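First the structure, in the form of structure tokens, and then the observations on it.
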Amino acid sequence: MAIPAISQPHSKAADPNYWPPPQGEWTYEDYARLPDNGMRYEIIRGDLYMSPAPRPKHQRVIVALLKHLLTYLEQKPIGEVLISPIDLILPDLTDPVQPDLLFISQEKLDIVKENFIEGVPELIVEVLSPGNPEHDRRTKFRVYAAAGVKEYWLIDPDARTTEVYVLRGEAYALAQIFEVGQTIRSEVLAEFTAPVAEICPE
């Protein structure tokens, strides 16, 4: 479950030595001071969000999808796929977020820095958590669209579905909901296919 963290109503502008900062004022420097305690932290428009480590079912989905993507990229070396934990900074929007999986085209690999990614991937995949699916469906959905991420997948391990959204102008449009018995397809990854039944095992 990703939940907004609660911090005291002080201002860094008034007291630069105060930490933690209040919601709305978190930066990457503040994020870097957070403890490595198994929680996943994200900063979206200055607000800190926390969520527990993903459950095994969630991780199995990522592993299965990653296998298909790596096989695809071996045949068509058009870019690189990376998985969480990875810090993604979307300028003026996040400091950072941690997508479950992302794809960056060969032409944009310069956005991969030593310690984080700073720029806009072509594709982001999030696996829904039962505790708070709205974090991915609303908060991240809007941020990724605003950043210009061309394609966004939402995978529901329990329903065994994959929703593929494509950017049309400044908003996402639902391309298709792929279910068991169907094969996931992508606009960004030409000729990529992956059976939903293999990505979301029972």
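Report the relative contact order of the chain, percent, no decimals, based on alpha-carbon pairs under 8 angstrom and at least 6 residues apart.
Computed value for the chain: 15 percent relative contact order.
Find how much the distance from residue 138 to residue 171 grows on full extension, using 0.36 nm per residue of separation minus their present alpha carbon separation; answer in nm with one decimal.
So the chain would gain 10.7 nm between residue 138 and residue 171.
Could you tell me which of the pairs 76/108; 76/113; 108/150 are separated by over 21 angstrom between their Cα atoms in the structure shown?
76/113
What percentages, rounded to whole numbers, describe P(r) for the chain computed over all alpha carbon pairs with 10 Å bin width beginning at zero?
Calculated P(r), rounded to whole percents: 8, 35, 36, 16, 4, 1.
With a 10 Å Cβ neighbour count serving as the proxy for reagent exposure, in which order, fewest first, do 33, 142 appear?
Lowest count first: 33, 142.
Order by neighbour count: 156, 87, fewest other Cβ atoms within 10 Å first, most last.
Ordered by Cβ neighbours within 10 Å, fewest first: 156, 87.
One quarter of the convex hull surface, Cα atoms only: what value does that give for the stretch 30-74 in nm²?
4.8
How big is D for the stretch 107-202, in µm² s⁻¹ as a whole number, if Stokes-Einstein is applied with the Kirkwood radius of its Cα pairs at 10 °C and 1.306 mPa s?
Taking Rh from Cα pairs, D becomes 112 µm²/s.
The numbers here are math on the coordinates, done by the rules we state, and not lab data. Everything numeric in this text was worked out from a predicted model, so none of it was measured. When we count neighbours, we look across all protein chains shown, and the Cβ atoms used for this are built from the backbone with ideal geometry, even at glycine.
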